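Take a look at the structure set out below.
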Amino acid sequence: TSMKQPRVALAYVLYLGYKGDPALLFATSKRRKQERKADLPGRTLLQCYVFGSTGSGKTGLLNGLVGLPHSDSEGNPRTCAVAVGSVDNHEPRKTLVLQEVTEEMAKKMMEGGDREERAQWLAAADVALFMFDGSNKDSFAYAHKLLLEVATASGDSLPCLFAASKDDLGMSQELVELCKGTCATLAMPLPIPVSMRSGETSGIYSHLSDAAAAPARFIPETPSLKAMRQYQQTLRKCLIYTGIGITGGAVCYAIYHRLKRRDS
Ligand SMILES: Nc1nc2c(ncn2[C@@H]2O[C@H](COP(=O)(O)OP(=O)(O)O)[C@@H](O)[C@H]2O)c(=O)[nH]1
Ligand SMILES: [Mg+2]
């Protein structure tokens, strides 16, 4: 409650008889986009959205963060679970909040609703994970398509990572090559292999906290980002040429003026 509704949390604390200074109970931070620009990742509470097709292993990953053992039974595909755990690869220690985003929820947020609401929802995340079942090509296609949509809708400011689940089942050579090509195009690291069944997580929770701490390296080179860079480059060139034109004009005018004065 304290992260999502700080006012309600404060009311609870006061109701329970807290007599101290309420300001000491809360850590306030700047908007995430501003923090990323300033490159000052002093934030200790990191929110990560976990996207992925139904059955890709999102709930399993959340369970792993809180130390629950792997279960072979299917979770409810409509439940957007949340898990909170601590990661210690940074000083001070970071608290990671994993928020599962089901297919249904992703569709609602990315296709329905208005742009403002979508942007606000995405601005509340420090990092996004796109999980796919490593033994299923369609699952990767879903994750890839959604990554492009989410990254663009975030204004190309959200660090993103891919994770390939069910590593114990193995990945086909075709999918390995597809992943390599896709990640090269997007200038992203290769998917992090995880197997919740064998307990091999490849340090994924620490990778997520690293990506939130150094976002620039994890922002995918989407077509929208490339187009924006191209536009900025053209604008810069135009400004330089205009500047040269104005300076040249001023110099010519000064010479002309001087010659005219000498003649008269
Ligand atoms: N073989 C294998 N199965 C897994 C692994 N992780 C999850 N699963 C299975 O995949 C199914 C779907 O997992 P779940 O976490 O509910 O997927 P979600 O719909 O993305 O939340 C369940 O039956 C899990 O037992 C894994 O690492 N290896
Ligand atoms: Mg689930």
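The values are calculated or read from the model by the stated rules, or taken from the named source; none is laboratory data. As the structure is a computational prediction, the values presented were derived from the model and not from experiment. Cβ sites come from the backbone with ideal geometry, for glycine too, and all protein chains shown count toward neighbours. Just the protein is used for accessible areas: all its heavy atoms, side chains included, with ligands, DNA and RNA removed. Shrake-Rupley method; radii C 1.70, N 1.55, O 1.52, S 1.80 Å.
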Original post:
Using alpha carbons only, how many degrees (0 to 90, rounded to 10) separate the axis of helix 204-213 from the longest principal axis of the chain?
Top reply: 30
Original post:
Toward the positive end of the charge dipole of segment 31-220, about the Cα centre and with charges on Cβ (Lys, Arg +1; Asp, Glu -1), which of HIS207, ASN136, GLY75 goes farthest?
Top reply: HIS207
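Keeping every protein chain present and rolling a 1.4 Å probe, give me the accessible area per residue for the chain in Å². Before the final figure, lay out each step's value.
Working: 15980 Å² over 264 residues.
It amounts to 61 Å² per residue over the chain.
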Original post:
Contour minus end-to-end for ALA123 and ASN76, with contour as 0.36 nm per residue of separation and end-to-end as the Cα-Cα distance?
Top reply: 14.2 nm
Subject >> Under-5 Å amide H pairs with VAL127, H placed in peptide plane, nonlocal only >> reply: GLN47, TYR49
**OP:** Can you tell me how much longer the chain between GLU174 and THR152 gets when fully stretched, taken as 0.36 nm per residue apart minus their C-alpha distance, in nm with one decimal?
**Re:** 5.2 nm
**OP:** Amide H neighbours of ALA163 under 5 Å, at least 5 residues apart or on other chains, H built in the peptide plane: list them.
**Re:** PHE130, MET131, PHE132, ILE192
Subject >> Residue pairs, from the table LYS137/LYS180; LYS107/LYS180; LYS58/LYS137; LYS58/LYS145; LYS94/LYS145; LYS94/LYS180, whose Cα atoms sit over 23 Å apart >> reply: LYS107/LYS180; LYS94/LYS145; LYS94/LYS180
Subject >> Size of electric dipole in segment 77-130: Cβ of Lys, Arg +1 and of Asp, Glu -1, about Cα centre, debye, nearest 20 >> reply: 60
**OP:** Rounding to the nearest 20 debye, state how big the charge dipole of segment 103-220 is about its Cα centre with +1 on each Lys and Arg Cβ and -1 on each Asp and Glu Cβ.
**Re:** 140
Original post:
Say each of ALA184 and THR44 gets a label point 7 Å from the Cα, pointing the same way as Cα to Cβ; how far apart are those two points in nm?
Top reply: 4.4
**OP:** From the C-alpha gyration tensor of segment 222-264, pull out the three semi-axes of the equivalent ellipsoid (sqrt of 5λ each), sorted largest to smallest, in whole Å.
**Re:** 41, 4, 4
Subject >> ARG229 versus ARG7: modelled label distance in nm, points set 7 Å from Cα along the beta carbon direction >> reply: 4.2
**OP:** Please work out how much length the chain gains when fully extended from TYR15 to LYS145, using 0.36 nm per residue of separation minus the C-alpha to C-alpha distance, in nm with one decimal.
**Re:** 42.1 nm
**OP:** On the protein heavy atoms, probe 1.4 angstrom, tell me the percent of accessible surface of segment 222-264 carried by carbon and sulfur.
**Re:** 66
Original post:
Check GLU221: other-chain or 5+ apart residues with amide H under 5 Å from its amide H, H built from backbone geometry?
Top reply: ALA187
Original post:
What nm distance separates the two modelled labels at SER206 and SER135, each placed 7 Å from Cα along Cα→Cβ?
Top reply: 2.8
Original post:
Dipole size in debye (nearest 20) for the chain around its Cα centre, Lys and Arg Cβ +1, Asp and Glu Cβ -1?
Top reply: 1800
